[in-house]
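Laboratory data are not the source of any read-out in this text; all were calculated from the coordinates shown. Because the structure is a prediction, the values reported are computed rather than measured. FYI the Cβ positions are ideal-geometry reconstructions off the backbone, even for glycines, and counts take in every protein chain you see.
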Amino acid sequence: MRTSNWILTAALLVSVSATAQQATESQPSAQPAAPDATQTSQPAPQAAPSAQPASPAPAADAQPAPQAAPTTMAQVVDLFIQREHALIKVLSTRTPVVETYLQNLTSDPQLGPVPSEDHYFLGRMDMGETVDRKDYLKEQDKSMETRLMGGFQKLFKVQYQPMGFSWMVYADRTDFDREHYDFRYVRREFLGDVRCLVFDVTPKKNSGRGRFLGRIWVEDQGFNIVRLNGTYAPAPRNSYFFHMDSWRLNLIPGYWVPSFIYSEEGDFSAGVKNKMAFKAQTRIWGYDLKKGTKDDELTNIRVDSVQDSSATAQDASPLQAERVWQQQAEDNVVERLTSAGLLAPEGELDHILQTVVNNLEVTNNIDLPRPVRTRVLLTSPLETFSVGNTIVISRGLIDVLPDEASLAAVLSHELAHIVLGHNLGSKYAFNDRMLFSDDGTYQNLGFKHIPEEEAAADKKAIEILKNSPYAQKLDNVGLFLKALQARAPELGALLTTHLGNPLAENGTVTRLQALESQGPALDNNKLDQIAALPLGGRVKINPWNDTAEMVKTAPVAITSARDKMPFEVTPFFPRLARYGENAAPATPTTAANTAPAPAPAN
Ligand SMILES: [Zn+2]
């Protein structure tokens with residue numbers, strides 16, 4: 001996208017100015033300049049324009065260093081081919097979670113391309129030889145397999161194969177080599193803090209179908225591919241390859257792990273017959289999930305740390321026993337969801353959520369026998385649920401909420417369930433109910449309430465909100481609900497919950513409905529009225545260990561109604577950094593540095 005290119009240039013400029021003494025090195029030169037030996041054998045401190053003093057790059061030492069620093073571009077090509085094969089090998093035992101969320105687009109005269117329909121896929125991907133994807137969503141999305149893209153079926157039978165998105169993690173799984181491809185050096189370029197060599201990759205004639213065609217970015221220390229942008233060609237009969245922009249992160253020493261893929265098709269410019277238009281985000285996480293084998297469990301048991309933490313040495317009273325029993329059910333579920341790669345481990349983001357819950361509790365004199373905890377569901381669909389005293393909120397929902405008051409509102413509904421004693425079900429205290437395969441999670445767990453409890457929780461939630469520090473800001477909540485209502489009919493997949501009650505049913509927002517009338521009317525032309533945000537702008541997930549944290553981005557200046565993009569999918573533009581180096585630079589000061597990435601999803 002145009003914006004992306006501009007930001008790239010900006011990043012490059014910042015880096016160049018930070019390293020004036022290295023200026024000749026950093027300038028993108030028209031000629032393919034061979035990287036010299038000194039540059040590659042050093043941990044290149046000039047590549048990190050962070051506020052911290054450059055540390056002696058532990059990542060560079062830890063990674064399997066190339067035998068000798070390359071002196072020609074041909075050697076660089078050999079190195080990144082070798083590194084790509086090493087990555088495929090090292091990930092071949094992994095089965096990360098893969099999520100694709102796709103929005104079909106239609107053209108709106110005022111807002112430009114807007115979602116007309118959406119689709120959602122979630123599964124585990126086997127990164128081994130056989131590319132397999134086990135789907136978490138079983139029954140409800142079966143029809144997906146046969147659904148065709150609007151208007152396109154006359155030409156080809158195109159299906160959104162979930163595989164179609166997740167296999168774009170590699171340029172070419174089997175034949176990424178000189179026999180099948182031509183590599184042409186383009187220039188040097190910074191992606192975030194990482195200096196890269198850019199190559200155009202084209203398949204050789206008659207090298208077969210489905211070969212990668214596009215551009216790759218190779219970091220200049222370990223010579224790993226960090227980004228791929230392009231498509232696959234030629235397509236087999238009756239099928240079609242999507243364009244993709246695939247990003248990797250340096251999450252473990254020496255390897256850059258596939259993390260985000262953005263795909264987009266369609267052109268709304270004048271004269272173009274719109275045959276197909278969509279945008280899709282694919283996220284991969286859970287690389288380091290335990291396999292759940294007995295061996296794993298045994299190595300994790302530390303007997304010396306197991307002790308009875310109950311308050312008294314006496315037997316529990318019936319009420320105490322009941323509470324311990326419920327706690328056990330709650331802990332079982334939280335553990336099981338975490339090991340299935342659906343919940344982030346407890347972390348930094350939970351402190352923010354817990355603070356909001358605390359604000360609600362304190363001002364309402366809510367005093368519960370057990371503390372309320374919060375956890376983040378790693379998926380995109382807008383969802384909250386609670387199990388026992390644990391409130392779970394999805395990453396996608398945190399992303400789109402415009403402010404703290406709206407966050408408080410969605411959390412207050414679950415707090416109300418807890419206060420009203422709706423979460424006393426304890427069937428999950430029996431451990432046999434936790435014994436199912438990860439892809440059976442959605443079939444085996446569920447925390448939906450009956451309509452009467454939903455209505456009671458909404459009523460209580462509004463009571464709680466009106467007594468809280470957020471009482472004066474409920475107009476914002478009303479605005480958010482209006483924005484959600486405006487898009488709800490088109491975003492059925494985003495609003496389909498998998499474990500809790502939905503926020504909307506059949507295209508109508510049902511959650512906290514009484515607040516929807518509150519506040520001003522929704523007005524796209526009011527540029528300062530931000531009712532809901534695009535997906536991916538708030539929460540940053542570490543795809544290796546699933547930890548979640550808030551993204552720190554500079555506020556974006558909205559210049560037209562098209563910039564608002566509520567609930568929409570946007571391209572990824574993660575700020576790349578080497579392993580062990582801080583990806584988020586401390587307070588940027590230069591003008592170019594404050595350039596906000598379009599919804600940096602990482
Ligand atoms: Zn509920």
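Structure notes:
- Compactness relative to 2.2 N^0.38 Å, alpha carbon Rg of region 335-378: 1.33
- Distance between region 80-102 and region 374-437 - C-alpha centres, whole angstrom: 31
- Fewest neighbouring Cβ atoms within 10 Å first, the residues 544, 285, 325, 247 line up as 325, 544, 247, 285.
- FRET efficiency, residue 229 to residue 82 (Cβ-Cβ, R0 30 Å, nearest 0.05): 0.90
- Near the amide H of residue 249, within less than 5 Å, lie the amide hydrogens of 257, 259, all on another chain or at least 5 residues away, with H placed in the peptide plane.
- Under 5 Å from the amide H of residue 191 lie the amide H atoms of 196, each residue being 5 or more positions distant or on a separate chain, with H modelled from the backbone and absent for Pro and chain starts.
- Using alpha carbons only: equivalent-ellipsoid semi-axes of region 395-510, gyration tensor based, whole Å: 27, 19, 12
- Likely footprinting exposure, 511, 187, 373, fewest C-beta neighbours within 10 Å first: 187, 373, 511
- Residues 262, 428, 579, sorted so that the one with the fewest Cβ neighbours within 10 Å comes first: 579, 428, 262
- Placing R0 at 56 angstrom, the Cβ-Cβ distance between residue 110 and residue 463 gives a FRET efficiency of 0.90 after rounding to 0.05.
- Evaluating kT/(6 pi eta Rh) at 37 °C and 0.692 mPa s, with the Kirkwood radius of region 456-582 over Cα pairs in the Stokes-Einstein relation, gives 193 µm² s⁻¹.
- One equal scatterer on each Cα of region 401-454, no solvent, Debye formula: the resulting log10 I(q)/I(0) at q = 0.14, 0.22, 0.26 Å⁻¹ is -0.57, -0.93, -1.00.
- Computed extension length for residue 444-residue 556: 36.1 nm, one decimal, from 0.36 nm per residue of separation with the Cα-Cα distance subtracted.
- Annotation for region 529-570 versus region 442-488: alpha-carbon center distance of 22 Å.
- Extension reserve of the residue 508-residue 436 stretch, reckoned as 0.36 nm per residue once the Cα distance is removed: 22.5 nm
- Pair residue 365, residue 90: separation of 7 Å Cα→Cβ label points (nm): 5.9
- The gain in end-to-end length when the residue 528 to residue 174 segment is fully stretched comes to 122.4 nm, 0.36 nm per residue minus the alpha carbon separation.
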